[in-house]
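A quick write-up on the structure given underneath.
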Amino acid sequence: MKQTILAVACFAISVPAIATNSNTEPVILAELPSPVELVLDIAYDGQNLWVAGWRDPNLYKISPEDGSVLATIPCHTETPRGLAHDGENLWVV
């Protein structure tokens, strides 16, 4: 069974107004289906989420609205990780 991605941190970093809460408890903004069994890393490029999974040689571009897979990109390694977006490029270890 595939797990759910909790995209709290990604949205909270990019859109702080959405995550504003008078409580000190974390706020779950969305729960999205995962394209992989075990999520290893997530990055946000300002528009979409990028997901890497354990022992899955692909990167997945995910819609933050509904979790649909917008693109599947083969990667150079069996288990991509260390995803980061610098404002222009997505970096993968």
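The values are calculated or read from the model by the stated rules, or taken from the named source; none is laboratory data. Just so we're clear, the structure is a prediction, and the values are computed from it rather than from any experiment. Ligands, DNA and RNA are excluded from the accessible area calculation, which covers all protein heavy atoms including side chains. Shrake-Rupley method; radii C 1.70, N 1.55, O 1.52, S 1.80 Å.
With a 1.4 Å probe and all protein chains in place, put Asp56, Asp66 in order of accessible area, largest first.
Values: Asp56 25, Asp66 95 Å².
Of Asp56, Asp66, the descending order of accessible area is Asp66, Asp56.
What Kirkwood hydrodynamic radius, in Å, does the range 33-93 give when the mean of 1/r is taken over all pairs of distinct Cα atoms and then inverted? Don't skip to the answer; put the middle values down first.
Numbers: mean 1/r = 0.0884 Å⁻¹.
Taking the inverse mean of 1/r over all distinct Cα pairs, the range 33-93 comes out at 11.3 Å.
Once all protein chains are placed together, Thr79 keeps about 10 Å² accessible to a 1.4 angstrom probe. Computed with a 1.4 Å probe on the full set of protein chains, the accessible area for Trp91 sits at about 140 Å².
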